[in-house]
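Comments concern the structure below.
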Amino acid sequence: MAALLVYFFCFLAHCSGSRVVLRQDPTRVAEVLTKIMSLRCALEDTRISGASSYFPGTGMEILAVGTETVQYVDTVTSIEISRDGKRLAYLAQNSYPQTEGDWSNMKVIGDLSLPMVLPERAFLQLTWTPPSYNQSGEYTCAVNGTSSSAGGLFNFEVTSEVGVQFPSKLDMVNQIRLLHLEDLANTQKLSALQDSAAKLKPPHADSGEVSCGDSTGWNQYIGSRRYVYKDVKFRQPYTDKAPVVSLGIKGIDAYRFSNLRMQLDVVNLNTRGFRVRCGTWGDTRIYSLTVRWTSELA
């Protein structure tokens, strides 16, 4: 068991080294045509640096590999990136990533203490939106760190040229082709939206009022209750199905010395119209009753 633990500890730290790597995306940059460019400097664990599926910078091609050690550096104290000898950005312990140039179009992110399960221990990444010819130059990344297993300080450095080119004729042709394809795709999307809009039907709603009159004239009886029926036709028939009809009282005048009993129903509903049924019972006397109705598809 003890031997297994020693082997596992060796596998995590002592049996792997560290290297500094500079990556770029995209590697070919044309001024005006390229909308975004990223440059990433990272201290990687050489044991698992090939595990690209877990690598945060997947898709970024390696520009250069710099200093490499057999010792595993588990603590990074600082990273800085310079261009043509002038520091452009840096990150130190207990601070945020800082920029010292390209303020108008550059953003910087970084982390000095990534989880040990990742192939990177630390990174500093610059992103220009959009890049210009001013970003051309010789880039140098310097990483400082320590190793708890080997002891001492370690300094890593990697250098590479980054070029932002003026667009060539081929670049312009490819860009025109890309714009044409985008325009074609947008035209197809617009056509599909127009077809969908043409199939949409405007909301069909209707409303009106019905007067049920004096309850002494309600002469349709069901048990002890007396009713009157009022036919309603929609201004325009519904085509697919019958709508939902709602009723409400707009006005009522009733004999105040008796109980107020009232019933309102929608009956015989179809796509062309319906009937409003007004009812009461007992000693209730209604002098007038106006019902407001609305119809709409559910």
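The values are calculated or read from the model by the stated rules, or taken from the named source; none is laboratory data. Small disclaimer: the values here were computed from a predicted structure and weren't measured. Positions of Cβ are backbone-derived with ideal geometry, glycine not excepted, and every protein chain shown enters the neighbour counts.
Structural remarks
- Residue match in the range 240-254 (condition: under 14 Å from ASP206 (Cβ atoms) and of a type in the set (Lys, Arg)): no
- The range 180-215, subset under 30 Å from SER288 (Cβ atoms) and among the hydrophobic types (A, V, I, L, M, F, W, C), residue surrounded by the most Cβ atoms within 10 Å (Cβ to Cβ): CYS212
- Cβ-Cβ under 6 Å pairs, at least 6 apart or on other chains, the range 30-48 side touching a residue at least 40 places away in the same chain (Cβ under 8 Å), far side of a type in the set (Asp, Glu): ALA30/ASP171; LEU33/ASP171; SER38/ASP25; ALA42/GLU120; GLU44/GLU120
- Some residue of the range 129-137 being among the aromatic types (Phe, Trp, Tyr) and part of a strand (DSSP E or B): no
- Criterion (touching a Gly at 6+ places or on another chain (Cβ under 6 Å), modelled with pLDDT of 90 or more and not hydrophobic (A, V, I, L, M, F, W, C)) met by exactly one of SER136, SER95, SER104: SER136
- Taking the criterion of being in contact with an Asp or Glu (Cβ under 9 Å, 6 or more places away or on another chain), outside any strand (DSSP E or B) and aliphatic (A, V, I, L, M), the residues of the range 74-119 that qualify are LEU114, MET116, LEU118.
- Every condition in (1) closer than 15 Å to TRP293 by Cα; (2) exposed (fewer than 11 other Cβ atoms within 10 Å of the Cβ) is met by SER224 except one, and the failing one is (1).
- Residues that are on the phi < 0 side of the Ramachandran plot, at pLDDT below 85 and assigned to a strand (DSSP E or B) do occur in the range 153-174, at least one of them.
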